[in-house]
Amino acid sequence: MWFKEEKYAWFIVSFLWIFGFLGSLGRIIVQYYQGPITDDLETSRAFLGYAWSASIFIGSLCAPFGGWLTDRFGYKTTMIAGSLLGVLSGAVIVLYPSPVGYMFGFGVLGGLAGIGTTTSYVMVNQWFKHHKAKALMIIGSSSSIGLALLTPLLVSNDSVITWTVAYRISIAVGVFFTLLTYFIIKEKKQQHSDPEVQTGTEAESEAEAAQPIIRKSKWTANRDFLITLRSPVIIVVIFALFTCGFSMGTVEMHLMAIQQTAHVSHAMFIASLSILGVLELVGGFVFAALLDRMPRAVALSCLYLIRTVAFILLFSHFYWSPVLFTLIFGATYLGAIPGGILLASESLSTKSVGLQAGILLFFHQLGGVFASVAGGLNYDWFQNYQLLIGVNIALSLVSGIGYYGVHRMLARKKAMEPVPGAEFIG
């Protein structure tokens, strides 16, 4: 036992961390090699935006399906299926270097590989009892650290490592980890927590008696949640999560291209990307602490106003803009999604947590789709990304103001609530 957890549980975390670290190579390829890819495929950056949008949209739809597969067949089978789809995605791109091959490989197969996104949550939930949040944070940090450490390695050797070579490396990593998953990863046998074992007849009778009640409560919860979508708090959260997705889509898909278009120096380019990866991790811990120590709406308002300042600096394109942007934006990178979902959960009385989170995350993904397409069109029309950055400034500012308005509204509502026991005073 290590820290009250099984040793194999920590082994799983290590395995997933290494896989996520090397898997960040795919994230770097999409960001850094946009120019060479469009030149070799004789296409436009708008086309790459469409492919990226298709990938994340299909991935968002595959996430709940992957969760169902995990429940039905186990996380090992789903992990292998997702890894194989990722390998097939890279193989199609390399073997058929054309716009059609890239759209099918990256846009369709890359999105279908999203069926494995829920497996890490299931694995951690099954193997960990005391350190689930810490385990998920460690796994989540792998991509950010991979971005920070692998980007300088690729950029400094871009004359040798082309985008096709990078995809071949990504394929090799996928094949290697698929084999390791098959031979190493094992399912945890679930044990009944109730010491009293019921007979089959008794269990079936109780299940049948409970089914109508459960079905009715789920329908009521889903209906109540859909009604509460009209709440001002939920509207602000949805708008802010869309803004967050738009901002993340801008950074994930277009930040390298923005800096290349602005003729940022090689050293500044590498420094900014490395800082972004590190600050994503540090910022996640910082805003997690703020969200627990102060009113969440205030913390989220500060987060979006800070993002507004970051995009204003990026819009100005002076010498230190790349580093200052990554310092400021990176610190806010991981706080917006959990903060928004937590605020929405506290503002609703529904028990339909899964439906609620799914709808909110859908709007977040939708923002990423719009950002990828808008950025490609912006470049094709004006040969720059200024309009895209300006939209991010406006959306972030409105979100920050909206969250502050939510805080004021919730504070007034709380002040109007009767104090328990006040009727007995006097």
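General remarks:
- Among (1) at pLDDT 80 or above; (2) under 22 Å from the mean Cα position of the chain (by Cα), the one test that Leu314 misses: (2)
- Residues of the range 246-265 classified as surrounded by fewer than 22 Cβ atoms within 10 Å (Cβ to Cβ) and under 13 Å from the mean Cα position of the chain (by Cα), total: 2
- In the range 141-199, the residues that are of a type in the set (Ser, Thr, Tyr), modelled with pLDDT of 80 or more, more than 28 Å from Phe128 (Cα to Cα) and not in a loop (DSSP other than H, G, I, E, B): Thr164, Tyr167, Ser170
- Within the range 157-184, residues that are aliphatic (A, V, I, L, M) have Cβ atoms under 9 Å from residues that are in a helix (DSSP H, G or I) and loosely packed, with under 14 Cβ neighbours inside 10 Å in these pairs: Ile161/Leu153, counting only partners at least 6 apart in sequence or on another chain.
- Evaluated against (1) touching a Phe, Trp or Tyr at 6+ places or on another chain (Cβ under 9 Å); (2) open to solvent by less than 20 Å² (accessible area, probe 1.4 Å); (3) modelled with pLDDT of 85 or more, Thr308 falls short on exactly one condition, (1).
- Residue satisfying all of: in the range 394-426; at pLDDT 95 or above and surrounded by fewer than 18 Cβ atoms within 10 Å (Cβ to Cβ); nearest to Thr261 (Cα to Cα) among these: Ala394
- Identity of the residue in the range 83-104, surrounded by 24 or more Cβ atoms within 10 Å (Cβ to Cβ) and under 22 Å from the mean Cα position of the chain (by Cα), that ends up nearest to Ala166 (Cα to Cα): Gly90
- First in the range 239-258 and closer than 15 Å to Phe311 by Cβ, second anywhere and modelled with pLDDT of 85 or more and among the β-branched types (Val, Ile, Thr), Cβ under 8 Å, 6 or more apart: Thr243/Val398; Phe246/Val391; Thr250/Ile389; Ile258/Ile389
- In the range 52-62 there is at least one residue that is closer than 29 Å to Leu149 by Cα, crowded, with 21+ Cβ neighbours inside 10 Å and among the β-branched types (Val, Ile, Thr).
The values are calculated or read from the model by the stated rules, or taken from the named source; none is laboratory data. None of these values were measured; they are calculated from a predicted model. With ideal geometry, Cβ positions are generated from the backbone for all residues, glycine too; neighbour counts draw on all protein chains shown. Just so you know, the surface numbers come from the protein's heavy atoms only, side chains and all, with ligands and any DNA or RNA stripped out. Shrake-Rupley method; radii C 1.70, N 1.55, O 1.52, S 1.80 Å.
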